[in-house]
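Peer 1: Attaching a single structure in structure tokens format; questions to follow.
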Amino acid sequence: MKLERHSPSALNLFCAAPALYVLERIVGLRQPVGSPAHRGTAVEDGITHGLMNPAADIGDCVAVALKKYDTISALSADKRREDYRATIPEMVKTGLEELRPYGVPSKCQGFVEWRPEGLSAPIVGYFDYEWEQHGVLVDLKTTEKLPSSIKIPHARQVALYTQSDNIDARLTYCTPKKRATYRLENVREHRNALHQIALRVEKFLSLSDDPEFFKSITAPDYESFYWGGPARQIGFEHWKF
């Protein structure tokens with residue numbers, strides 16, 4: 001079984017929950033996106049609007065974010081949909097306070113493709129913001145609690161975007177109440193980890209072309225948050241335990 005491309009999110013999923021990787025990427029049953037992810041997309045839209053239009057009022061940026069959230073979450077059955085919506089205005093505000101001092105980005109949603117030695121498929125992704133004039137690249141993350149440092153899966157992801165040692169890569173985390181930006185250290189080590197994971201994914205996929213085989217050599221951990229929502233029931237149906 002072959003892939004056309006790898007993504008940091010898929011590679012991180014393979015590390016954290018191999019059975020769910022099988023369900024989503026091999027069986028083809030992608031899990032629905034929840035309200036936290038919808039909120040992240042909406043907050044990013046509002047912040048991007050404010051960064052690209054420095055004179056834009058915060059209220060206008062919030063309106064952009066709320067419109068996006070209402071559109072993409074319209075069919076959501078999540079009982080906390082409105083709770084997540086209520087946190088969007090403050091997240092847009094704090095995100096702009098954190099990132100507007102950099103100026104207008106030279107690029108948003110920039111595509112990156114990396115073809116390291118030994119891989120049959122490239123690793124690809126999109127970074128959020130680049131300020132070429134400062135040599136700074138920033139990826140934005142929305143979360144409930146502010147981490148004290150960059151999370152390892154995020155470090156791997158952003159390491160993909162830093163193909164040059166001259167780039168100062170950073171992660172900006174926004175919560176409903178706080179925000180912080182951290183510089184990515186040990187870039188080469190994190191990029192190498194991404195490469196090594198991708199090599200293992202390709203070896204794993206080379207074992208068979210039959211999705212049933214991959215289910216037979218993996219086991220879901222239903223205690224993991226990865227198996228929340230409908231994924232748990234789907235897992236029972238496919239693994240039979």
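Peer 1: Of all the residues that make up segment 219-241, how many are surrounded by fewer than 17 Cβ atoms within 10 Å (Cβ to Cβ) and either free of Cβ contacts under 8 Å to residues at least 24 places away in the same chain or not in a helix (DSSP H, G or I) (or both)?
Peer 2: Total satisfying the criteria: 14.
Peer 1: Can you tell me how many residues in segment 84-105 are in contact (Cβ under 8 Å) with a residue 24 or more places away in the chain and either of a type in the set (Phe, Trp, Tyr) or under 26 Å from Pro230 (Cα atoms) (or both)?
Peer 2: Total satisfying the criteria: 5.
Peer 1: I would also like to ask the following. Pull up segment 95-115, narrow it to residues that are in contact with a Ser or Thr (Cβ under 8 Å, 6 or more places away or on another chain) and part of a helix (DSSP H, G or I), then point me to the one that is surrounded by the fewest Cβ atoms within 10 Å (Cβ to Cβ).
Peer 2: Out of the qualifying residues, it is Glu98.
Peer 1: Kindly indicate the residue of segment 114-144 that is under 16 Å from the mean Cα position of the chain (by Cα), modelled with pLDDT of 95 or more and among the charged types (D, E, K, R) and also nearest to Asp168 (Cα to Cα) among those meeting that condition.
Peer 2: Per the stated criteria, the residue is Asp139.
Peer 1: Looking at this structure, is Leu194 in contact with a Phe, Trp or Tyr (Cβ under 7 Å, 6 or more places away or on another chain), in a helix (DSSP H, G or I), buried (at least 19 other Cβ atoms within 10 Å of the Cβ) and touching a residue at least 60 places away in the same chain (Cβ under 8 Å)?
Peer 2: No; evaluated as a whole, the condition is false for this residue.
Peer 1: Can you name every residue in segment 13-47 that is β-branched (Val, Ile, Thr) and either buried (at least 22 other Cβ atoms within 10 Å of the Cβ) or more than 19 Å from the chain's Cα centre (by Cα) (or both)?
Peer 2: Val22, Ile26, Val27, Val43, Ile47
Peer 1: (1) without any contact (Cβ under 8 Å) to a residue 60 or more places away in the chain; (2) not in a loop (DSSP other than H, G, I, E, B): which one isn't true of Asn166, the others all being true?
Peer 2: Exception for Asn166: condition (2).
Peer 1: Let me ask you something else. With modelled with pLDDT under 95 and aliphatic (A, V, I, L, M) as the only criterion, which of Met1, Met91 stands out?
Peer 2: Met1
Peer 1: Take the residues in segment 134-161 that are in a helix (DSSP H, G or I) and out of contact with any helix residue (DSSP H, G or I) (no Cβ under 7 Å at 6 or more places or on another chain); name whichever of them is farthest from Tyr182 (Cα to Cα).
Peer 2: Going through the qualifying residues, I end up with Tyr161.
Per-residue answers, yes or no, for (1) in contact with a strand residue (DSSP E or B) (Cβ under 6 Å, 6 or more places away or on another chain); (2) at pLDDT below 95; (3) more than 28 Å from Ser208 (Cβ to Cβ); (4) not in a helix (DSSP H, G or I):
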residue: Arg25; (1), (2), (3), (4): no, no, no, no
residue: Pro32; (1), (2), (3), (4): no, yes, no, yes
residue: Val43; (1), (2), (3), (4): yes, no, yes, no
residue: Gly46; (1), (2), (3), (4): no, no, yes, no
residue: Gly50; (1), (2), (3), (4): no, no, yes, no
residue: Ala56; (1), (2), (3), (4): no, no, yes, yes
residue: Cys61; (1), (2), (3), (4): no, no, yes, no
residue: Thr71; (1), (2), (3), (4): no, no, yes, no
residue: Tyr84; (1), (2), (3), (4): no, no, yes, no
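Peer 1: Across segment 146-157, which residue is surrounded by the fewest Cβ atoms within 10 Å (Cβ to Cβ) among those that are farther than 14 Å from Asn192 by Cβ and free of Cβ contacts under 8 Å to residues at least 60 places away in the same chain?
Peer 2: Filtering first and then ranking leaves Ser148.
Peer 1: What residue, among those in segment 1-12 that are of a type outside the set (Asp, Glu) and part of a loop (DSSP other than H, G, I, E, B), is surrounded by the fewest Cβ atoms within 10 Å (Cβ to Cβ)?
Peer 2: Lys2
The values are calculated or read from the model by the stated rules, or taken from the named source; none is laboratory data. All values reported here derive from a predicted model rather than from experimental measurement. Neighbour counts run over all protein chains shown; Cβ positions are idealised from the backbone, glycine included.
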